[in-house]
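Read through the structure below, which is laid out as structure tokens, and then see the notes.
The values are calculated or read from the model by the stated rules, or taken from the named source; none is laboratory data. These numbers were taken from a predicted model, which means no experiment stands behind them. Every residue, glycine among them, receives a Cβ derived from its backbone with ideal geometry; neighbour counts consider all protein chains shown. The accessibility values were calculated without ligands, DNA or RNA, using every heavy atom of the protein model including side chains. Shrake-Rupley method; radii C 1.70, N 1.55, O 1.52, S 1.80 Å.
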Amino acid sequence: MKYDITYDKRVDGRKFDELRPIEAKVGVIPNADGSAFFKDGNTWAYAAVYGPRRLYPRSMQNPTEGILRCRYNMMPFSGMGDRVRPGPSRRAKEISMVTEKALAPVLDLNEFPNSVVDVFIELAQTDAGTRCAGINAAALALADAGLKMKDIPAAIAVGKVNNQYVVDLCYPEEAYEGIVVDMPVAMLPRTKDITLLQMDGQFELEDLKKLLEIVKKPIDRIHKIQVEALKNKFKNVKIADEVEE
Amino acid sequence: MGKVFVKHKDIVVPGELMAEGMDYVPASGTFREGEKIYANILGVAHLDGRVLKVVPVSGAYIPKVGDVVIGQIIDVMMSGWRVDFDSAYSGVLSVKDGTTSFIPRGADLTKYYDIGDYIVCKIINITSQKLVDLTMRGPGLRKIQGGTIIKVNHTKVPRIIGKGGSMINMIKELSGCKVTIGQNGFVWISGEPERELLVITTIRKIEEEALSSGLTERIKEFMEKSIKELESKQE
């Protein structure tokens, strides 16, 4: 396949700092304690949160605080070509782990010793940026589950395609035949603390500094969409004076 | 002089700035960082003078001392019963607190409560590791027989009970059913089958509309209408 990327035009006609169309919705899975859907262009992520609940095997229990357990999974039909083999692959395990570490800093599970909060992330359709979409969905689902959080983490990929800084790479861009660097970042929007930083490719220290500056704007934008999604759940409710006695 | 950024009854999300200044006090569901107070849970902002708090709208049940809960016996042990009340932690009902009467040493505990039985019990003690002690000594605490048990989110329980029990008393009166609510979100309903179903529908309706105002009147209207329909069908 031949993609028509040059230095000055992106494959899907976006501006260099433009995100794909983003949608977020909270409460999409009624059986879960909290759930969310996050769509970034053609990457669709569902997240469901269960817990805090009892943790087995007992050897995994932590008597000082509850643990967070994430599972990232691409559905068999989610890829662009071959069927994705079900079950955790090496890649999926790694992404599950980094997702856990991206979300854990905001969560306060001190009140729940020996218990677990389970986060299931399912990708129904993928077009690069799955771990970021997964983190965004999972952050919403955790908030929806009524867990104590200091902030709602937001994630987005930034990168460099043939000497051009770009935001939110899609798959054709990631696979572009040229010098491509892809760097997913998760940040806490309020403090700008970084909770996930990975890089695929090679670039200079200067590029890293520049990209970490560039990423702040889209992170704020995503955070705004996340907050909106959470508030939209209660959009049509005229809140009573006393919701608690 | 401080400043507040949210209004009373606003929906707030984790990390949302609620107020600035040391003259405001963070209560449950909020935290202070420097001069600023942020929400740390999804819920409804509650402003009471200078005290800010957030009332959660979702979440799993965490046992609290003094709560009356409905639980299920899941195990019978040497000197007590293990009780599950749909939380991350289960409770232990010891023989000492098992009944109001005396249980002799070595008695067959399944005679009192067997695995699968539902009981209304009270939480008397919780340790730092969330080991829960239960009691059956107290008014209204008993084994449940017959009826239906449904589960609602525990954050909706105050609304089902209503101010000073107004909602629950109305439901009981109109339907003629016996209704018991556990703080963990289990509701036991007993009465005529049709009436039981009506109470279940009503409670589901309350759960759905728990945050909105004027709920008691709407529920009253709904129940009166449904009962009229029920009675005309029976005739």
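So how many residues does the stretch B:41-69 have that are closer than 24 Å to A:Arg54 by Cβ and more than 17 Å from the chain's Cα centre (by Cα)?
Qualifying residue count, the stretch B:41-69: 2.
Quick test for you: out of B:Asp75, B:Asp86, pick the one residue that is open to solvent by 20 Å² or more (accessible area, probe 1.4 Å) and either under 22 Å from the mean Cα position of the chain (by Cα) or facing chain A (nearest Cβ under 9 Å) (or both).
Exactly one of B:Asp75, B:Asp86 is open to solvent by 20 Å² or more (accessible area, probe 1.4 Å) and either under 22 Å from the mean Cα position of the chain (by Cα) or facing chain A (nearest Cβ under 9 Å) (or both), namely B:Asp86.
Restricting to the stretch B:130-147, name every residue that is closer than 13 Å to B:Thr180 by Cα and open to solvent by 40 Å² or more (accessible area, probe 1.4 Å).
Correct list: B:Pro139, B:Gly140, B:Arg142, B:Lys143, B:Gln145, B:Gly146, B:Gly147.
Of the residues A:Ile152, A:Ile219, A:Ile179, A:Ile225, only one is of a type in the set (A, V, I, L, M), within 14 Å of chain B (Cβ to nearest Cβ) and farther than 18 Å from B:Leu42 by Cα; which?
Working: A:Ile152 fails: farther than 18 Å from B:Leu42 by Cα; A:Ile179 fails: within 14 Å of chain B (Cβ to nearest Cβ); A:Ile225 fails: farther than 18 Å from B:Leu42 by Cα.
Selected residue: A:Ile219, the only one of A:Ile152, A:Ile219, A:Ile179, A:Ile225 that is of a type in the set (A, V, I, L, M), within 14 Å of chain B (Cβ to nearest Cβ) and farther than 18 Å from B:Leu42 by Cα.
With (1) assigned to a strand (DSSP E or B); (2) in contact with a Cys (Cβ under 6 Å, 6 or more places away or on another chain) as the list, and A:Asp127 as the residue in question, which single condition is left unmet?
All conditions pass for A:Asp127, except number (1).
Can you tell which of B:Asp10, B:Asp23, B:Asp48 is within 13 Å of another protein chain (Cβ to nearest Cβ), open to solvent by 20 Å² or more (accessible area, probe 1.4 Å) and either touching a residue at least 40 places away in the same chain (Cβ under 8 Å) or over 25 Å from B:Glu207 (Cβ atoms) (or both)?
On the way: B:Asp10 fails: either touching a residue at least 40 places away in the same chain (Cβ under 8 Å) or over 25 Å from B:Glu207 (Cβ atoms) (or both); B:Asp23 fails: within 13 Å of another protein chain (Cβ to nearest Cβ).
Sole residue among the options that is within 13 Å of another protein chain (Cβ to nearest Cβ), open to solvent by 20 Å² or more (accessible area, probe 1.4 Å) and either touching a residue at least 40 places away in the same chain (Cβ under 8 Å) or over 25 Å from B:Glu207 (Cβ atoms) (or both): B:Asp48.
Output the residue which, of all residues in the stretch A:221-241 that are hydrophobic (A, V, I, L, M, F, W, C) and without any contact (Cβ under 8 Å) to a residue 24 or more places away in the chain, is most open to solvent (accessible area, probe 1.4 Å).
A:Val237
Name the residues in the stretch B:108-129 that are surrounded by fewer than 20 Cβ atoms within 10 Å (Cβ to Cβ) and under 15 Å from B:Tyr89 (Cα atoms), would you?
Passing the criteria: B:Ile124, B:Asn125, B:Ile126, B:Thr127, B:Ser128, B:Gln129.
Condition first: open to solvent by less than 30 Å² (accessible area, probe 1.4 Å) and more than 18 Å from the chain's Cα centre (by Cα). Now tell me which residues in the stretch B:191-211 satisfy that.
Those that are open to solvent by less than 30 Å² (accessible area, probe 1.4 Å) and more than 18 Å from the chain's Cα centre (by Cα): B:Glu196, B:Leu198.
Only one of (1) open to solvent by 60 Å² or more (accessible area, probe 1.4 Å); (2) of a type in the set (Ser, Thr, Tyr); (3) in contact with a strand residue (DSSP E or B) (Cβ under 7 Å, 6 or more places away or on another chain) fails for B:Thr180. Which number is that?
(1)
Can you say whether B:Ile103 is assigned to a loop (DSSP other than H, G, I, E, B), free of Cβ contacts under 8 Å to residues at least 60 places away in the same chain, closer than 30 Å to B:Asn125 by Cβ and more than 10 Å from chain A (Cβ to nearest Cβ), as far as the supplied structure shows?
Spelling it out, B:Ile103 is indeed assigned to a loop (DSSP other than H, G, I, E, B), free of Cβ contacts under 8 Å to residues at least 60 places away in the same chain, closer than 30 Å to B:Asn125 by Cβ and more than 10 Å from chain A (Cβ to nearest Cβ).
Is it true that some residue in the stretch B:190-202 is among the polar types (S, T, N, Q) and more than 28 Å from B:Lys122 (Cβ to Cβ)?
yes
Confirm whether B:Glu231 is in contact with a helix residue (DSSP H, G or I) (Cβ under 7 Å, 6 or more places away or on another chain), farther than 28 Å from A:Ile239 by Cα and in a helix (DSSP H, G or I).
no
Which number in (1) among the β-branched types (Val, Ile, Thr); (2) out of contact with any Leu (no Cβ under 7 Å at 6 or more places or on another chain); (3) free of Cβ contacts under 8 Å to residues at least 60 places away in the same chain marks the one condition that B:Ile70 misses?
Among (1) among the β-branched types (Val, Ile, Thr); (2) out of contact with any Leu (no Cβ under 7 Å at 6 or more places or on another chain); (3) free of Cβ contacts under 8 Å to residues at least 60 places away in the same chain, B:Ile70 violates only (3).
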